[in-house]
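In what follows, a single structure is set out as structure tokens and then discussed.
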Amino acid sequence: MGARKNLRYDIPFYTQGWFQLGWSKDLRRGQLKKVRQFGKAFTLFRGNDGVVDLLDDVCPHLGAHFSAGGCVKGNSVRCPYHHWSFDRTGQCTDIPYADKIPAKARVGAHTVVERHGMIFMYRNKAGTEPTYDLPTIEGFDPDEFLAPFTYEFTIRIHGQDIMENSVDSPHFWAVHGHEMPENEFHEDGAELRITQTASVHRFGQKLHFQLKFTMIEPGFHYVHFPRLPGGATALVFSSLVPVDEEHTSHRMTMMIRKTRIPGYSNILRRFIDWQMMRTYHEDMRIWESKEYHARPILCDGDGSIMKLRRWYAQFHDPVEDTATRPDVRTVGVG
């Protein structure tokens, strides 16, 4: 086995760890939907008991896709083709026209956790169960925040390129017209923490910001805005999920802490939404056409791009296959 097939990158495209698949609000009880990530299709569904689960989307019988006309029955998924049913562990539990269920009538099941209005799966190349729990967001109490803004983009780019954009200080000046931010790095075990001081000219005045990045995994990282105008604070959670060997899904959840000033938090939320999406779309125009240089020629003002890349590399899929994929038990709501 070698590096990824696509010649645009000479690093593995897929990463390992926890990844956000969507938001709780978008999956009703008794609903299933197709999710395509990591070069394959999955069926994400919520059983009648309210628990979210994830199965491989292809029925092992004759290859029909559960998401193409299938349905949720109780806490199982029923195939649209011959009505075989599979529970959240991937075991076939019912074949309406058979007296005996074949021992090999199973479909791959995956570990899922639902927390803070978001749905996560664990994924590694070997297909084994997670050896650690879903990470937490430090100091986060959802009751203290307004209802979030959510964003989802699918971009023809490696997730590493998106993430290193945060520490690429000169591009804030060249692309967005901001002053170049200053970054302070701190490595905490496998985690990378960055304090960024930035300024932007808006509405005829200079606004100062501090951002505190907590980079736990490519699929689970977030940034705190601890000092916003008016004493407010905010949080943006991000998950970079490879779709295939060309594209990455970037899911973001933006939350503003409630303030004592009536209506101020909503005004601030809309300002950050406008500012964040403006800069994001400016970056997207460059991301999808840029080339990847494994050994870029850098100058002393380019920041810590290589430090970010070294951190990111610990999550790359291993080059060699280490195991065949067993079925994984779904753990449900965390």
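Assess whether Gly50 counts as being of a type in the set (Gly, Ala, Ser) and in contact with a Lys or Arg (Cβ under 9 Å, 6 or more places away or on another chain).
yes
What number goes with the only condition from (1) under 19 Å from Tyr222 (Cα atoms); (2) among the β-branched types (Val, Ile, Thr); (3) assigned by TED's automatic domain parsing to the domain that holds Val223 that Val175 does not pass?
Failing condition for Val175: (1).
Quick check on the stretch 84-105. Is at least one of its residues of a type in the set (Lys, Arg) and more than 26 Å from Trp23 (Cβ to Cβ)?
Taking every residue of the stretch 84-105 in turn, at least one turns out to be of a type in the set (Lys, Arg) and more than 26 Å from Trp23 (Cβ to Cβ).
Among the candidates Arg88, Arg28, single out the residue that is outside the structural domain of Thr154 (by TED's automatic domain parsing), exposed (fewer than 14 other Cβ atoms within 10 Å of the Cβ) and out of contact with any helix residue (DSSP H, G or I) (no Cβ under 8 Å at 6 or more places or on another chain).
Exactly one of Arg88, Arg28 is outside the structural domain of Thr154 (by TED's automatic domain parsing), exposed (fewer than 14 other Cβ atoms within 10 Å of the Cβ) and out of contact with any helix residue (DSSP H, G or I) (no Cβ under 8 Å at 6 or more places or on another chain), namely Arg28.
If we keep just the residues of the stretch 269-295 that are assigned to a loop (DSSP other than H, G, I, E, B) and in contact with an Asp or Glu (Cβ under 8 Å, 6 or more places away or on another chain), which is surrounded by the most Cβ atoms within 10 Å (Cβ to Cβ)?
That would be Tyr292.
If His83 satisfies every condition in (1) buried (at least 17 other Cβ atoms within 10 Å of the Cβ); (2) farther than 14 Å from Lys34 by Cβ; (3) without any contact (Cβ under 8 Å) to a residue 24 or more places away in the chain but one, which is the exception?
Against the list (1) buried (at least 17 other Cβ atoms within 10 Å of the Cβ); (2) farther than 14 Å from Lys34 by Cβ; (3) without any contact (Cβ under 8 Å) to a residue 24 or more places away in the chain, His83 comes up short only on (1).
Do you know which residues across the stretch 154-198 are loosely packed, with under 15 Cβ neighbours inside 10 Å, touching a residue at least 40 places away in the same chain (Cβ under 8 Å) and in a helix (DSSP H, G or I)?
Answer for the stretch 154-198, where residues must be loosely packed, with under 15 Cβ neighbours inside 10 Å, touching a residue at least 40 places away in the same chain (Cβ under 8 Å) and in a helix (DSSP H, G or I): just Pro170.
For every residue, the table says whether it meets (1) out of contact with any Ser or Thr (no Cβ under 9 Å at 6 or more places or on another chain); (2) over 30 Å from Leu268 (Cβ atoms); (3) among the charged types (D, E, K, R).
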residue: Asp56; (1), (2), (3): no, yes, yes
residue: Cys59; (1), (2), (3): yes, yes, no
residue: Gly63; (1), (2), (3): yes, yes, no
residue: Val77; (1), (2), (3): no, yes, no
residue: Ser85; (1), (2), (3): no, yes, no
residue: Arg88; (1), (2), (3): no, yes, yes
residue: Gly108; (1), (2), (3): yes, yes, no
residue: Glu114; (1), (2), (3): no, no, yes
residue: Glu138; (1), (2), (3): no, no, yes
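Are any residues in the stretch 289-306 charged (D, E, K, R) and at pLDDT below 90, and if so, which ones?
Those that are charged (D, E, K, R) and at pLDDT below 90: Asp300, Asp302.
The values are calculated or read from the model by the stated rules, or taken from the named source; none is laboratory data. Everything numeric in this text was worked out from a predicted model, so none of it was measured. FYI the Cβ positions are ideal-geometry reconstructions off the backbone, even for glycines, and counts take in every protein chain you see.
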